[in-house]
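To start, the structure itself, in C-alpha coordinates.
The values are calculated or read from the model by the stated rules, or taken from the named source; none is laboratory data. Remember, it's a predicted structure, so these values are computed and weren't measured experimentally. Every residue, glycine among them, receives a Cβ derived from its backbone with ideal geometry; neighbour counts consider all protein chains shown. Surface areas here come from the heavy atoms of the whole protein model, side chains and all, with no ligands, DNA or RNA. Shrake-Rupley method; radii C 1.70, N 1.55, O 1.52, S 1.80 Å.
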Amino acid sequence: MHEENKAAANGCGKIRSGTQNEAALLALMEKTGYSMVQENGQRKFGGPPPGWEGPPPPRGCEVFVGKIPRDMYEDELVPVFETAGKIYEFRLMMEFSGENRGYAFVMYTTKEEAQLAIKILNNYEIRPGKFIGVCVSLDNCRLFIGAIPKEKKKEEILNEMKKVTEGVVDVIVYPNATDKTKNRGFAFVEYESHRAAAMARRRLIPGTFQLWGHTIQVDWADPEKEVDEETMQKVKVLYVRNLMISTTEEKIKAEFNKFKPGIVERVKKLRDYAFVHFFHRDDAVAAMSVMNGKCIDGATVEVTLAKPVNKESTWKQHFNGQISPSSENLLGFPNKEDGHQKALGKPVSLPVRLNGQHSPVPTEVERCTYPFYPGIKLTPISIYSLKSSHFSSAAMHLDYFCNKNNWAPPEYYLYSTTSQDGKILLVYKVLIPGIADASQSIFMPDKLCTTVELAKELAAQFTLLNL
(Lines give C-alpha, C1' and ligand atoms only; values in the text may rest on other atoms or scores of the structure.)
Protein backbone atom coordinates (compact mmCIF):
# COMPACT_ATOMS: atom_id res chain seq x y z
CA MET A 1 0.00 0.00 0.00
CA HIS A 2 1.42 3.42 -0.91
CA GLU A 3 1.94 5.82 1.99
CA GLU A 4 -0.08 8.54 0.20
CA ASN A 5 -3.00 6.13 -0.07
CA LYS A 6 -2.88 5.45 3.67
CA ALA A 7 -2.64 9.16 4.39
CA ALA A 8 -5.68 9.91 2.26
CA ALA A 9 -7.71 7.20 3.92
CA ASN A 10 -6.55 8.11 7.41
CA GLY A 11 -7.41 11.76 6.81
CA CYS A 12 -10.93 10.71 6.00
CA GLY A 13 -11.17 8.21 8.84
CA LYS A 14 -10.66 10.92 11.47
CA ILE A 15 -13.77 12.71 10.32
CA ARG A 16 -16.10 9.89 9.27
CA SER A 17 -16.77 7.26 11.91
CA GLY A 18 -13.58 5.58 12.88
CA THR A 19 -11.71 2.58 11.65
CA GLN A 20 -14.63 0.96 9.86
CA ASN A 21 -14.89 3.82 7.32
CA GLU A 22 -11.12 4.04 7.01
CA ALA A 23 -11.02 0.33 6.27
CA ALA A 24 -13.67 0.74 3.57
CA LEU A 25 -11.49 3.21 1.66
CA LEU A 26 -8.39 1.08 2.07
CA ALA A 27 -10.32 -1.98 0.88
CA LEU A 28 -11.48 -0.06 -2.21
CA MET A 29 -7.88 0.85 -3.10
CA GLU A 30 -6.68 -2.70 -2.47
CA LYS A 31 -9.45 -4.13 -4.63
CA THR A 32 -9.03 -1.74 -7.57
CA GLY A 33 -5.29 -1.01 -7.42
CA TYR A 34 -6.04 2.72 -7.81
CA SER A 35 -4.08 5.29 -5.84
CA MET A 36 -5.70 8.07 -3.80
CA VAL A 37 -4.20 11.49 -3.11
CA GLN A 38 -5.75 14.49 -1.37
CA GLU A 39 -4.57 17.96 -2.45
CA ASN A 40 -5.92 21.45 -3.08
CA GLY A 41 -9.36 20.77 -1.66
CA GLN A 42 -10.00 17.59 -3.61
CA ARG A 43 -9.27 13.89 -3.31
CA LYS A 44 -8.16 12.14 -6.49
CA PHE A 45 -8.85 8.46 -7.01
CA GLY A 46 -6.83 7.22 -10.01
CA GLY A 47 -5.73 9.55 -12.77
CA PRO A 48 -4.33 7.42 -14.35
CA PRO A 49 -5.68 4.03 -13.32
CA PRO A 50 -3.33 1.05 -12.92
CA GLY A 51 -1.62 -0.01 -16.15
CA TRP A 52 -2.74 3.05 -18.13
CA GLU A 53 -0.45 3.99 -21.02
CA GLY A 54 -0.62 7.05 -23.23
CA PRO A 55 -2.27 10.47 -22.77
CA PRO A 56 -5.36 11.13 -20.63
CA PRO A 57 -8.81 10.68 -22.23
CA PRO A 58 -9.91 13.53 -24.55
CA ARG A 59 -12.41 16.27 -23.71
CA GLY A 60 -15.95 15.03 -23.38
CA CYS A 61 -15.04 12.08 -21.17
CA GLU A 62 -15.70 13.85 -17.86
CA VAL A 63 -19.03 14.27 -16.07
CA PHE A 64 -20.01 16.52 -13.18
CA VAL A 65 -21.86 14.97 -10.23
CA GLY A 66 -23.91 17.11 -7.87
CA LYS A 67 -26.14 16.71 -4.80
CA ILE A 68 -23.89 14.08 -3.23
CA PRO A 69 -24.71 13.48 0.46
CA ARG A 70 -21.96 15.15 2.49
CA ASP A 71 -21.14 11.97 4.43
CA MET A 72 -20.73 9.79 1.34
CA TYR A 73 -17.27 8.88 0.04
CA GLU A 74 -15.44 6.93 -2.63
CA ASP A 75 -16.14 3.50 -1.19
CA GLU A 76 -19.87 4.06 -1.90
CA LEU A 77 -19.59 6.33 -4.96
CA VAL A 78 -16.99 4.56 -7.12
CA PRO A 79 -18.92 1.26 -7.45
CA VAL A 80 -21.99 3.20 -8.60
CA PHE A 81 -20.10 5.08 -11.31
CA GLU A 82 -18.20 1.98 -12.41
CA THR A 83 -21.52 0.61 -13.68
CA ALA A 84 -21.27 3.05 -16.63
CA GLY A 85 -17.68 2.19 -17.59
CA LYS A 86 -14.03 2.26 -16.62
CA ILE A 87 -13.10 5.25 -14.45
CA TYR A 88 -9.91 7.07 -15.38
CA GLU A 89 -10.09 9.50 -12.46
CA PHE A 90 -12.60 10.29 -9.70
CA ARG A 91 -12.19 13.71 -8.03
CA LEU A 92 -14.26 14.30 -4.90
CA MET A 93 -14.26 17.90 -3.65
CA MET A 94 -13.47 18.07 0.07
CA GLU A 95 -14.11 20.55 2.88
CA PHE A 96 -11.34 21.43 5.31
CA SER A 97 -13.40 19.67 7.99
CA GLY A 98 -13.20 16.39 6.09
CA GLU A 99 -16.77 16.28 4.75
CA ASN A 100 -17.21 16.25 1.00
CA ARG A 101 -18.49 19.46 -0.63
CA GLY A 102 -21.46 17.84 -2.33
CA TYR A 103 -19.99 17.40 -5.78
CA ALA A 104 -17.37 15.48 -7.77
CA PHE A 105 -15.92 15.03 -11.25
CA VAL A 106 -15.71 11.59 -12.85
CA MET A 107 -13.53 11.10 -15.91
CA TYR A 108 -14.16 7.97 -17.95
CA THR A 109 -11.85 6.44 -20.53
CA THR A 110 -14.25 7.13 -23.43
CA LYS A 111 -16.94 9.68 -24.36
CA GLU A 112 -19.46 6.87 -24.78
CA GLU A 113 -19.01 5.82 -21.14
CA ALA A 114 -19.48 9.43 -20.00
CA GLN A 115 -22.69 9.74 -22.01
CA LEU A 116 -23.93 6.44 -20.58
CA ALA A 117 -23.23 7.69 -17.05
CA ILE A 118 -25.39 10.76 -17.71
CA LYS A 119 -28.13 8.60 -19.15
CA ILE A 120 -28.34 6.01 -16.38
CA LEU A 121 -27.13 7.90 -13.29
CA ASN A 122 -28.72 11.36 -13.58
CA ASN A 123 -31.47 11.43 -10.92
CA TYR A 124 -30.15 8.12 -9.54
CA GLU A 125 -31.34 7.43 -5.98
CA ILE A 126 -27.94 7.13 -4.29
CA ARG A 127 -29.54 6.73 -0.85
CA PRO A 128 -33.20 6.50 0.14
CA GLY A 129 -34.74 9.85 -0.81
CA LYS A 130 -31.40 11.26 -2.04
CA PHE A 131 -31.03 11.74 -5.81
CA ILE A 132 -27.77 12.77 -7.46
CA GLY A 133 -27.45 14.83 -10.63
CA VAL A 134 -25.04 13.95 -13.43
CA CYS A 135 -24.29 16.15 -16.43
CA VAL A 136 -21.45 16.86 -18.84
CA SER A 137 -18.51 18.66 -17.23
CA LEU A 138 -17.88 22.10 -18.73
CA ASP A 139 -14.11 22.02 -18.84
CA ASN A 140 -13.86 25.33 -20.67
CA CYS A 141 -10.58 25.94 -22.52
CA ARG A 142 -11.70 28.95 -24.56
CA LEU A 143 -11.60 32.69 -23.82
CA PHE A 144 -13.55 35.48 -25.48
CA ILE A 145 -11.35 38.49 -26.36
CA GLY A 146 -13.26 41.65 -27.27
CA ALA A 147 -12.36 45.13 -28.56
CA ILE A 148 -9.76 43.78 -31.00
CA PRO A 149 -8.85 46.14 -33.88
CA LYS A 150 -10.95 45.01 -36.82
CA GLU A 151 -8.08 45.15 -39.31
CA LYS A 152 -6.06 42.50 -37.47
CA LYS A 153 -5.77 39.07 -39.14
CA LYS A 154 -5.92 35.67 -37.46
CA GLU A 155 -2.13 35.16 -37.63
CA GLU A 156 -1.48 38.53 -35.96
CA ILE A 157 -3.93 37.82 -33.15
CA LEU A 158 -2.54 34.30 -32.66
CA ASN A 159 1.06 35.53 -32.45
CA GLU A 160 0.14 38.32 -30.05
CA MET A 161 -1.80 36.01 -27.72
CA LYS A 162 1.11 33.55 -27.69
CA LYS A 163 3.40 36.40 -26.60
CA VAL A 164 1.26 37.44 -23.62
CA THR A 165 -0.19 34.08 -22.49
CA GLU A 166 0.94 30.45 -22.39
CA GLY A 167 -0.69 27.33 -23.77
CA VAL A 168 -2.40 28.93 -26.79
CA VAL A 169 -3.54 26.29 -29.28
CA ASP A 170 -5.62 28.25 -31.76
CA VAL A 171 -7.48 31.49 -32.40
CA ILE A 172 -10.93 31.59 -33.98
CA VAL A 173 -11.73 34.81 -35.86
CA TYR A 174 -14.88 35.51 -37.85
CA PRO A 175 -14.97 37.96 -40.75
CA ASN A 176 -17.12 41.07 -40.55
CA ALA A 177 -20.61 40.58 -42.02
CA THR A 178 -20.33 43.55 -44.38
CA ASP A 179 -16.56 43.70 -45.00
CA LYS A 180 -14.86 40.32 -45.26
CA THR A 181 -11.39 41.91 -45.12
CA LYS A 182 -11.99 42.83 -41.45
CA ASN A 183 -12.77 40.82 -38.34
CA ARG A 184 -15.81 41.38 -36.11
CA GLY A 185 -13.88 43.05 -33.32
CA PHE A 186 -13.54 39.91 -31.22
CA ALA A 187 -11.88 36.50 -31.25
CA PHE A 188 -11.95 33.21 -29.36
CA VAL A 189 -8.65 31.90 -28.04
CA GLU A 190 -8.37 28.15 -27.47
CA TYR A 191 -5.92 26.90 -24.80
CA GLU A 192 -4.40 23.48 -24.22
CA SER A 193 -6.20 23.04 -20.89
CA HIS A 194 -8.73 24.68 -18.60
CA ARG A 195 -5.91 25.62 -16.26
CA ALA A 196 -3.99 27.39 -19.03
CA ALA A 197 -7.13 29.30 -20.01
CA ALA A 198 -7.81 30.22 -16.38
CA MET A 199 -4.25 31.49 -15.89
CA ALA A 200 -4.52 33.55 -19.09
CA ARG A 201 -7.85 35.01 -17.99
CA ARG A 202 -6.38 35.90 -14.59
CA ARG A 203 -3.58 37.81 -16.27
CA LEU A 204 -5.77 39.62 -18.79
CA ILE A 205 -8.94 40.19 -16.75
CA PRO A 206 -8.04 43.36 -14.76
CA GLY A 207 -9.27 45.46 -17.71
CA THR A 208 -6.09 47.46 -18.15
CA PHE A 209 -4.32 45.00 -20.44
CA GLN A 210 -3.76 46.39 -23.92
CA LEU A 211 -3.10 44.83 -27.30
CA TRP A 212 -1.97 47.12 -30.11
CA GLY A 213 -2.77 50.09 -27.91
CA HIS A 214 -6.37 48.96 -27.27
CA THR A 215 -7.80 47.93 -23.88
CA ILE A 216 -9.31 44.51 -24.52
CA GLN A 217 -12.25 42.75 -22.86
CA VAL A 218 -11.71 39.21 -21.61
CA ASP A 219 -14.12 36.58 -20.33
CA TRP A 220 -14.91 32.90 -20.60
CA ALA A 221 -16.40 31.98 -23.95
CA ASP A 222 -19.85 30.42 -23.71
CA PRO A 223 -19.29 26.66 -23.66
CA GLU A 224 -20.26 24.95 -26.90
CA LYS A 225 -23.58 23.19 -26.67
CA GLU A 226 -23.01 19.48 -26.18
CA VAL A 227 -25.37 17.34 -28.21
CA ASP A 228 -25.31 13.58 -27.80
CA GLU A 229 -24.15 11.47 -30.72
CA GLU A 230 -27.51 9.75 -31.11
CA THR A 231 -29.24 13.12 -31.70
CA MET A 232 -26.54 14.39 -34.07
CA GLN A 233 -26.90 11.22 -36.15
CA LYS A 234 -30.43 12.38 -37.07
CA VAL A 235 -29.52 15.94 -38.11
CA LYS A 236 -30.12 16.77 -41.76
CA VAL A 237 -29.68 20.56 -41.56
CA LEU A 238 -26.40 22.36 -42.32
CA TYR A 239 -25.30 25.61 -40.73
CA VAL A 240 -23.50 27.85 -43.24
CA ARG A 241 -21.66 30.92 -41.96
CA ASN A 242 -19.52 33.72 -43.44
CA LEU A 243 -21.90 34.38 -46.34
CA MET A 244 -22.07 37.71 -48.10
CA ILE A 245 -24.99 39.88 -47.02
CA SER A 246 -26.02 40.10 -50.67
CA THR A 247 -26.11 36.34 -51.22
CA THR A 248 -29.70 35.14 -51.66
CA GLU A 249 -31.41 31.99 -50.45
CA GLU A 250 -31.92 30.99 -54.09
CA LYS A 251 -28.18 31.30 -54.74
CA ILE A 252 -27.33 29.15 -51.70
CA LYS A 253 -29.85 26.49 -52.71
CA ALA A 254 -28.45 26.45 -56.24
CA GLU A 255 -24.85 26.08 -54.98
CA PHE A 256 -25.71 23.14 -52.71
CA ASN A 257 -27.85 21.51 -55.40
CA LYS A 258 -24.83 21.55 -57.73
CA PHE A 259 -23.42 18.71 -55.64
CA LYS A 260 -26.51 16.59 -56.37
CA PRO A 261 -29.62 18.12 -57.96
CA GLY A 262 -32.80 18.23 -55.88
CA ILE A 263 -31.30 17.33 -52.49
CA VAL A 264 -32.06 20.67 -50.77
CA GLU A 265 -35.53 20.99 -49.24
CA ARG A 266 -35.29 24.68 -48.28
CA VAL A 267 -32.87 27.43 -47.18
CA LYS A 268 -33.35 29.99 -44.42
CA LYS A 269 -30.81 32.84 -44.59
CA LEU A 270 -30.31 35.40 -41.83
CA ARG A 271 -27.83 38.19 -42.41
CA ASP A 272 -24.50 36.43 -43.16
CA TYR A 273 -25.42 32.87 -42.22
CA ALA A 274 -28.02 30.32 -43.26
CA PHE A 275 -29.63 26.97 -42.43
CA VAL A 276 -29.78 24.56 -45.35
CA HIS A 277 -32.39 21.81 -44.91
CA PHE A 278 -31.98 18.52 -46.80
CA PHE A 279 -34.48 15.78 -47.54
CA HIS A 280 -32.00 13.08 -46.48
CA ARG A 281 -29.23 13.07 -43.87
CA ASP A 282 -26.72 11.25 -46.10
CA ASP A 283 -26.97 14.07 -48.64
CA ALA A 284 -26.46 16.67 -45.89
CA VAL A 285 -23.30 14.96 -44.62
CA ALA A 286 -21.89 14.53 -48.13
CA ALA A 287 -22.70 18.15 -49.06
CA MET A 288 -21.00 19.38 -45.89
CA SER A 289 -17.70 17.72 -46.82
CA VAL A 290 -17.88 19.10 -50.36
CA MET A 291 -19.06 22.66 -49.59
CA ASN A 292 -17.04 23.46 -46.48
CA GLY A 293 -14.39 25.97 -47.53
CA LYS A 294 -16.00 26.66 -50.90
CA CYS A 295 -16.37 30.19 -52.27
CA ILE A 296 -19.88 31.61 -52.73
CA ASP A 297 -20.15 35.13 -54.18
CA GLY A 298 -16.54 35.82 -53.21
CA ALA A 299 -16.84 34.60 -49.59
CA THR A 300 -15.24 31.41 -48.25
CA VAL A 301 -17.97 29.67 -46.27
CA GLU A 302 -17.80 27.43 -43.22
CA VAL A 303 -20.27 24.53 -43.22
CA THR A 304 -21.13 22.34 -40.22
CA LEU A 305 -24.03 20.22 -39.03
CA ALA A 306 -26.57 22.40 -37.23
CA LYS A 307 -26.87 21.57 -33.53
CA PRO A 308 -30.47 21.14 -32.39
CA VAL A 309 -31.58 23.60 -29.74
CA ASN A 310 -32.17 22.03 -26.34
CA LYS A 311 -35.09 24.19 -25.31
CA GLU A 312 -34.99 23.14 -21.66
CA SER A 313 -31.33 23.81 -20.98
CA THR A 314 -30.06 26.34 -23.51
CA TRP A 315 -31.45 29.47 -21.90
CA LYS A 316 -30.50 28.28 -18.47
CA GLN A 317 -26.92 27.82 -19.60
CA HIS A 318 -26.72 31.21 -21.32
CA PHE A 319 -28.16 33.23 -18.48
CA ASN A 320 -25.93 31.69 -15.88
CA GLY A 321 -22.67 31.51 -17.83
CA GLN A 322 -19.96 29.11 -16.78
CA ILE A 323 -21.27 26.69 -14.17
CA SER A 324 -19.32 27.03 -10.94
CA PRO A 325 -20.53 24.05 -8.95
CA SER A 326 -19.93 25.21 -5.39
CA SER A 327 -23.37 24.26 -4.15
CA GLU A 328 -26.06 21.76 -5.01
CA ASN A 329 -28.50 24.68 -5.15
CA LEU A 330 -26.89 25.85 -8.40
CA LEU A 331 -27.71 22.69 -10.28
CA GLY A 332 -30.56 22.32 -12.72
CA PHE A 333 -31.36 18.74 -11.80
CA PRO A 334 -34.97 17.68 -11.21
CA ASN A 335 -35.45 17.47 -7.47
CA LYS A 336 -37.64 14.49 -6.66
CA GLU A 337 -37.57 15.35 -2.98
CA ASP A 338 -39.67 18.50 -3.34
CA GLY A 339 -41.45 17.72 -6.58
CA HIS A 340 -40.19 20.51 -8.82
CA GLN A 341 -37.14 21.43 -10.85
CA LYS A 342 -34.55 23.80 -9.50
CA ALA A 343 -33.13 26.34 -11.92
CA LEU A 344 -29.40 26.75 -12.47
CA GLY A 345 -29.94 30.19 -10.97
CA LYS A 346 -32.58 32.86 -11.54
CA PRO A 347 -32.20 35.09 -14.60
CA VAL A 348 -32.75 38.68 -13.62
CA SER A 349 -36.16 40.17 -14.30
CA LEU A 350 -37.60 36.80 -15.30
CA PRO A 351 -40.35 35.05 -13.32
CA VAL A 352 -39.22 32.24 -11.07
CA ARG A 353 -40.81 28.81 -11.49
CA LEU A 354 -42.27 27.48 -8.26
CA ASN A 355 -43.90 24.06 -8.42
CA GLY A 356 -44.43 24.53 -12.12
CA GLN A 357 -46.08 27.96 -11.74
CA HIS A 358 -44.66 31.36 -12.64
CA SER A 359 -44.10 33.73 -9.76
CA PRO A 360 -45.09 37.30 -10.69
CA VAL A 361 -42.27 38.66 -8.55
CA PRO A 362 -39.12 39.34 -10.59
CA THR A 363 -35.69 38.72 -9.13
CA GLU A 364 -34.26 41.95 -7.72
CA VAL A 365 -31.45 43.52 -9.73
CA GLU A 366 -28.81 45.82 -8.30
CA ARG A 367 -29.70 49.33 -9.42
CA CYS A 368 -26.97 51.70 -8.27
CA THR A 369 -25.33 54.84 -9.55
CA TYR A 370 -21.71 55.74 -8.97
CA PRO A 371 -19.99 59.14 -9.15
CA PHE A 372 -18.32 59.96 -12.45
CA TYR A 373 -15.05 61.57 -11.50
CA PRO A 374 -13.07 63.74 -13.93
CA GLY A 375 -10.33 61.78 -15.65
CA ILE A 376 -12.09 58.40 -15.54
CA LYS A 377 -11.22 56.55 -18.74
CA LEU A 378 -14.13 55.21 -20.78
CA THR A 379 -13.83 52.32 -23.23
CA PRO A 380 -16.35 51.78 -26.05
CA ILE A 381 -17.84 48.28 -25.86
CA SER A 382 -20.58 46.21 -27.42
CA ILE A 383 -23.48 45.14 -25.22
CA TYR A 384 -22.88 41.60 -26.45
CA SER A 385 -19.50 41.51 -24.70
CA LEU A 386 -21.26 41.94 -21.35
CA LYS A 387 -22.73 39.22 -19.18
CA SER A 388 -26.47 38.68 -18.92
CA SER A 389 -26.37 39.93 -15.33
CA HIS A 390 -25.80 43.46 -16.67
CA PHE A 391 -29.29 43.51 -18.18
CA SER A 392 -32.37 44.27 -16.10
CA SER A 393 -35.02 43.78 -18.80
CA ALA A 394 -36.24 40.59 -20.42
CA ALA A 395 -36.23 42.30 -23.83
CA MET A 396 -32.49 42.98 -23.53
CA HIS A 397 -31.93 39.40 -22.33
CA LEU A 398 -33.75 38.06 -25.38
CA ASP A 399 -31.74 40.23 -27.75
CA TYR A 400 -28.51 39.11 -26.04
CA PHE A 401 -29.59 35.45 -26.18
CA CYS A 402 -30.37 35.62 -29.90
CA ASN A 403 -26.99 37.20 -30.62
CA LYS A 404 -25.16 34.50 -28.64
CA ASN A 405 -26.95 31.83 -30.70
CA ASN A 406 -26.03 33.57 -33.97
CA TRP A 407 -29.71 34.30 -34.60
CA ALA A 408 -31.14 37.51 -36.05
CA PRO A 409 -32.62 39.95 -33.49
CA PRO A 410 -36.15 39.12 -32.29
CA GLU A 411 -38.99 40.75 -34.21
CA TYR A 412 -41.94 42.19 -32.24
CA TYR A 413 -45.44 42.56 -33.71
CA LEU A 414 -47.97 44.58 -31.66
CA TYR A 415 -51.69 43.67 -31.48
CA SER A 416 -54.54 45.31 -29.57
CA THR A 417 -58.09 44.71 -28.40
CA THR A 418 -60.58 46.56 -26.21
CA SER A 419 -61.60 45.41 -22.74
CA GLN A 420 -65.18 45.40 -21.47
CA ASP A 421 -64.61 48.70 -19.69
CA GLY A 422 -63.21 50.33 -22.83
CA LYS A 423 -59.46 50.06 -22.11
CA ILE A 424 -57.00 49.42 -24.93
CA LEU A 425 -55.19 46.16 -24.18
CA LEU A 426 -51.97 45.19 -25.91
CA VAL A 427 -49.97 42.06 -26.66
CA TYR A 428 -46.81 41.41 -28.66
CA LYS A 429 -46.11 38.44 -30.88
CA VAL A 430 -42.39 37.59 -31.04
CA LEU A 431 -40.71 36.01 -34.05
CA ILE A 432 -37.21 34.52 -33.69
CA PRO A 433 -35.96 34.24 -37.30
CA GLY A 434 -32.84 32.24 -36.46
CA ILE A 435 -34.50 29.05 -35.24
CA ALA A 436 -34.07 26.26 -37.78
CA ASP A 437 -37.57 24.91 -37.12
CA ALA A 438 -39.78 27.74 -38.35
CA SER A 439 -42.89 26.17 -36.80
CA GLN A 440 -41.43 26.75 -33.33
CA SER A 441 -40.14 30.29 -33.85
CA ILE A 442 -43.28 32.30 -32.96
CA PHE A 443 -44.19 33.12 -29.37
CA MET A 444 -47.13 35.02 -27.89
CA PRO A 445 -48.10 35.23 -24.21
CA ASP A 446 -51.68 34.52 -23.10
CA LYS A 447 -52.05 37.79 -21.17
CA LEU A 448 -52.88 41.33 -22.32
CA CYS A 449 -51.27 44.50 -20.96
CA THR A 450 -52.23 48.15 -20.60
CA THR A 451 -48.87 49.61 -21.67
CA VAL A 452 -46.55 48.95 -24.59
CA GLU A 453 -43.52 48.58 -22.31
CA LEU A 454 -45.17 45.97 -20.13
CA ALA A 455 -46.48 44.07 -23.17
CA LYS A 456 -42.98 43.90 -24.66
CA GLU A 457 -41.41 42.73 -21.40
CA LEU A 458 -44.08 40.06 -20.94
CA ALA A 459 -43.61 38.83 -24.52
CA ALA A 460 -39.82 38.65 -24.06
CA GLN A 461 -40.20 36.78 -20.75
CA PHE A 462 -42.64 34.32 -22.31
CA THR A 463 -40.28 33.73 -25.25
CA LEU A 464 -37.25 33.10 -23.04
CA LEU A 465 -39.15 30.66 -20.86
CA ASN A 466 -40.26 28.69 -23.93
CA LEU A 467 -36.99 28.64 -25.89
Problem set entry | Solvent-accessible area per residue, Å², over segment 229-305 with all protein chains present [probe radius 1.4 Å] | 51 Å²
Exercise. Within a Cβ distance under 15 Å of Gly54, other residues only, what is the Lys/Arg minus Asp/Glu net charge?
Worked result: -1
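Over segment 385-466, with every protein chain in place, what whole percent of the accessible area is carbon and sulfur at 1.4 Å, could you tell me?
54 percent
Would you mind telling me the share, in percent, of accessible area of segment 229-305 contributed by carbon and sulfur at probe 1.4 angstrom?
Working: 2050 of 3930 Å².
Reported share for carbon and sulfur atoms: 52 percent.
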For this session: Return the long-range amide H neighbours of Lys182 (sequence gap of 5 or more, or a different chain), with a cut-off of under 5 Å between placed amide H atoms.
Result: Asn176
For this session: May I ask which residue of Val235, Ala287, Ala274 lies farthest towards the positive end of the charge dipole of segment 228-293, with charges of +1 (Lys, Arg) and -1 (Asp, Glu) on Cβ and the Cα centre as origin?
Result: Ala274
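Considering only Cα-Cα distances, which of the following residue pairs are longer than 29 Å: Lys154/Lys294; Lys130/Lys387; Lys111/Lys258; Lys269/Lys294; Lys152/Lys404; Lys180/Lys429?
Lys130/Lys387; Lys111/Lys258; Lys180/Lys429
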For this session: Provide Rg over Rh for segment 229-305; use the alpha carbon set for both Rg and the Kirkwood Rh (inverse mean inverse pair distance).
Result: 0.94
Seminar exercise, completed: Taking Cα pairs closer than 8 Å and at least 6 residues apart, the relative contact order of segment 142-220 in percent is 42 percent
For this session: List, in order, the whole-Hz ³J(HN,Hα) value for each residue of segment 67-73 obtained from phi through the Karplus relation with A = 6.51, B = -1.76, C = 1.60 and θ = phi - 60°; use x for Gly and Pro.
Result: 6, 7, x, 5, 9, 10, 9
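Ignoring ligands, DNA and RNA, what accessible area per residue does segment 29-136 give at 1.4 Å, in Å²?
45 Å²
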Exercise. Normalised by the residues of segment 33-106, what does the relative contact order come to in percent, with Cα pairs under 8 Å and at least six apart?
Worked result: 39 percent
For this session: Note down the accessible area of Leu458, probe 1.4 Å, to the nearest 10 Å².
Result: 50 Å²
Seminar exercise, completed: If every Lys and Arg gets +1 and every Asp and Glu gets -1 at its Cβ, then about the Cα centre segment 142-220 yields a dipole, in debye to the nearest 20, of 100 debye
